[in-house]
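The structure under discussion appears below in the form of structure tokens.
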Amino acid sequence: MNIRSPYCAICNTQISAGNNSKEHVITEAIGGRLRVSGFICKSCNNEAGRTWDAKLASQLLPLAHIFGVTRQRGVTPGLPISTTTGENLIMRPDGGFSPNKPSFSEEITPDGVQIKIVARDVNEAKSMLKGVQRKYPNTNTDQLLANAEFSSSYPTGMVHHQLDFGGEVSGRSIVKSVLALAHQAGIAANLCNDAIQYLRDHTAPACFGYYQATNLVANRPLETPLHCVAVNANPVTGLVLGYAEYFGIHRVVVCLGKGYCGEVVKSSYAIDPRTGKELYLSVNLDFNESEIDAIYRYEMIPNGAIEAAFHAVMPAALKKKDDFERERVIAEATEYAFKNCGAKYGEILTESQVKKLSSLLLEKLTPYIMHMHKSNKLR
Ligand SMILES: [Zn+2]
């Protein structure tokens, strides 16, 4: 049996009760839940989170939006997008779009000063209104806020997502994830030298490669954008291997260490990031050293394989997103129309209130219908 190292896997400081940290095996920003302790110290945890994990999370942010990740803490940040017609917008986690900058304009009219504020959320509107009140002390900001309109707009151009993945910085987050699971499975850090070196020394050679040649998840659930981390320590090949997969699409094989002669250790941890629910998957990680070298040389990514992985999870996600957006828009329009038609809950509506209600409903639904028409989704 291996002895757990009481030293931080990154900086080699002895881990004590004072500097121990709970590290997420899969980074929290993309929905990870499981945490391990006694693995890295508090300051390395913070530093790795701020740099390596943040880079991985930003590369995966478009997918986190498309699939609707639920996180244990916090929400998925807005995704800045630009469109083919040059708009710069923020895609919100609820599927709507906001301007990427607040705007403020004032115009002097015969009736007084007319101020127009576009804010991205209520808090931003409140702080902008405070500024208005400083300049014009007679402004009734509560009333202005009560009359503020919440609206969503759709981009007029096509949205292009940047789906870049990879590189040394996010690579270190991936290697750390796999090493965290190895730690949890009881594989000592000194048996994972390739990974340890890579995390400690920025000039050390990368110990991972992208892999799309075969499906390593034996019982892969259909249309599931899963996250998975696995390790396999095998005395026959002498290799301690790791695997990480994100959203069912990006797949990485890691060689944590060579010269392993302990007993066989296999472990995996997987989740559905849309719900956080754990999945029990069986991962076949049986590469020998020359296969690992081929993976490191990018030779295990056949043409069309990444596209096929995308296609296996994307259509269902896009359909779900469309359904969600339709429900959101209808709910928002209904609430807006009823609130502004002059009727009260429980009362019988007058003919003019019904007329007002229908026209308000149409007003709110039209941008959505036009957007669906333009995106060729009205059938
Ligand atoms: Zn440390």
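Which residues, taken from segment 327-359, are modelled with pLDDT of 90 or more, basic (Lys, Arg) and surrounded by 13 or more Cβ atoms within 10 Å (Cβ to Cβ)?
If the condition is that a residue be modelled with pLDDT of 90 or more, basic (Lys, Arg) and surrounded by 13 or more Cβ atoms within 10 Å (Cβ to Cβ), then Lys356 is the only one that fits.
Among what's in segment 71-100 and is in a strand (DSSP E or B) and open to solvent by 40 Å² or more (accessible area, probe 1.4 Å), pick the residue that is modelled with the highest pLDDT.
Pro80
For segment 116-230, which helices (runs of 4 or more DSSP H) that fit wholly inside it have 2 or more residues that are buried (at least 21 other Cβ atoms within 10 Å of the Cβ) and touching a helix residue (DSSP H, G or I) at 6+ places or on another chain (Cβ under 8 Å)?
So the answer is 168-184, 193-200.
Is it true that Pro6 is within 16 Å of the ligand (Cβ to nearest atom) and out of contact with any Ser or Thr (no Cβ under 6 Å at 6 or more places or on another chain)?
Yes; evaluated as a whole, the condition is true for this residue.
Are any residues in segment 49-70 within 16 Å of the ligand (Cβ to nearest atom), surrounded by fewer than 21 Cβ atoms within 10 Å (Cβ to Cβ) and not hydroxyl-bearing (Ser, Thr, Tyr), and if so, which ones?
Correct list: Gly49, Arg50.
Six or more apart or on different chains, Cβ atoms under 8 Å: show the pairs whose first residue is in segment 284-313 and loosely packed, with under 12 Cβ neighbours inside 10 Å and whose second is aromatic (Phe, Trp, Tyr).
Partner pairs satisfying both residue conditions: Tyr298/Tyr210.
State whether one or more residues within segment 33-45 are crowded, with 17+ Cβ neighbours inside 10 Å, among the β-branched types (Val, Ile, Thr) and near the ligand (Cβ under 10 Å from one of its atoms).
Within segment 33-45 (the criterion being crowded, with 17+ Cβ neighbours inside 10 Å, among the β-branched types (Val, Ile, Thr) and near the ligand (Cβ under 10 Å from one of its atoms)), the answer is yes, since at least one residue qualifies.
The values are calculated or read from the model by the stated rules, or taken from the named source; none is laboratory data. What you are looking at is a predicted structure, and each value in this text was computed from that prediction instead of being measured. Ideal geometry is used to build each Cβ from the backbone, glycine not excepted, and the neighbour counts take in all protein chains shown. To get the accessible areas, we keep the full protein, side chains included, count just its heavy atoms, and leave off ligands, DNA and RNA. Shrake-Rupley method; radii C 1.70, N 1.55, O 1.52, S 1.80 Å.
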